[in-house]
Amino acid sequence: MTPETDNSSRPPGLQTLAWSVCQGLYENVISQEEMVRAGDAEAVHDMRVAVRRLRVALSNFAVCFEAERRRAMRAQLGQIADVLGAVRDLDVMLEALKQQKNRLTPEQKKYVGGLSRRLRARRRRRRRKLLAFLQGDEYAAFKRQFPLLMAARGQTAD
């Protein structure tokens, strides 16, 4: 028996706490979806943070969830994090360039302007991929399968 499957060392109520924490974080992920679809850059950030926190919670409460389902959920969360990160990283870069604008020479501004246009075009492409992901099968599977992970919370593998 590994520590991951040893139910005897788990304090009473830990599974309930794990479920509560993970459920709240899952709801935070889902609550950002509409604003991400609407184009809100802060919602992209907030959803990405919520995904990261849920991944960490699943790791920290690993003993409370069936291993195979937990690993599958973490993989799905990784996919979500990747598509959100691809957009968010460009938001951060564009904001950094914007903050530097007043410190640049006219020649530097010309180059930064060209870079900003390319980054915005790249962001639009990545945003389209994000929207397609949110409408796709993988994201739908995440929303369908997370409740199954919670339902199996007391059934760790032996």
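Please treat every number below as a calculation from the coordinates, not as lab data. Since the model is a prediction, treat every value here as computed from it, not as a measurement. Virtual Cβ from ideal backbone geometry, glycine too; neighbours counted across all protein chains shown.
Shape verdict for the chain, please, from the Cα gyration tensor: rounded (a/c under 1.5), prolate (a/b greater than b/c) or oblate.
Prolate shape, in that a/c is at least 1.5 and a/b is the bigger ratio.
Sorted by packing (mean other beta-carbon atoms within 10 Å per residue), highest first, where do 97-105, 75-83, 119-127 land?
Averaged packing, sorted descending, gives the order 75-83, 119-127, 97-105.
Short version: what are the Cα gyration tensor semi-axes of the range 65-143, square root of 5 times each eigenvalue, largest first, in whole Å?
Equivalent ellipsoid semi-axes, largest first: 37, 13, 6 Å.
How much length would be gained if the chain were fully extended between S20 and V112, taking 0.36 nm per residue of separation minus their Cα-Cα distance, in nm to one decimal?
Full extension of this stretch gives 28.5 nm more.
Please give the FRET efficiency for R120 paired with R144, using the beta carbon to beta carbon distance and R0 = 41 Å, rounded to the nearest 0.05.
After rounding to 0.05, the efficiency reads 0.75.
Using alpha-carbon pairs under 8 Å, 6+ residues apart, how would you state the relative contact order of the chain in percent?
33 percent
Which whole-number percentage describes the relative contact order of the range 73-143, with Cα contacts under 8 Å and a sequence gap of 6 or more?
Relative contact order comes out at 53 percent.
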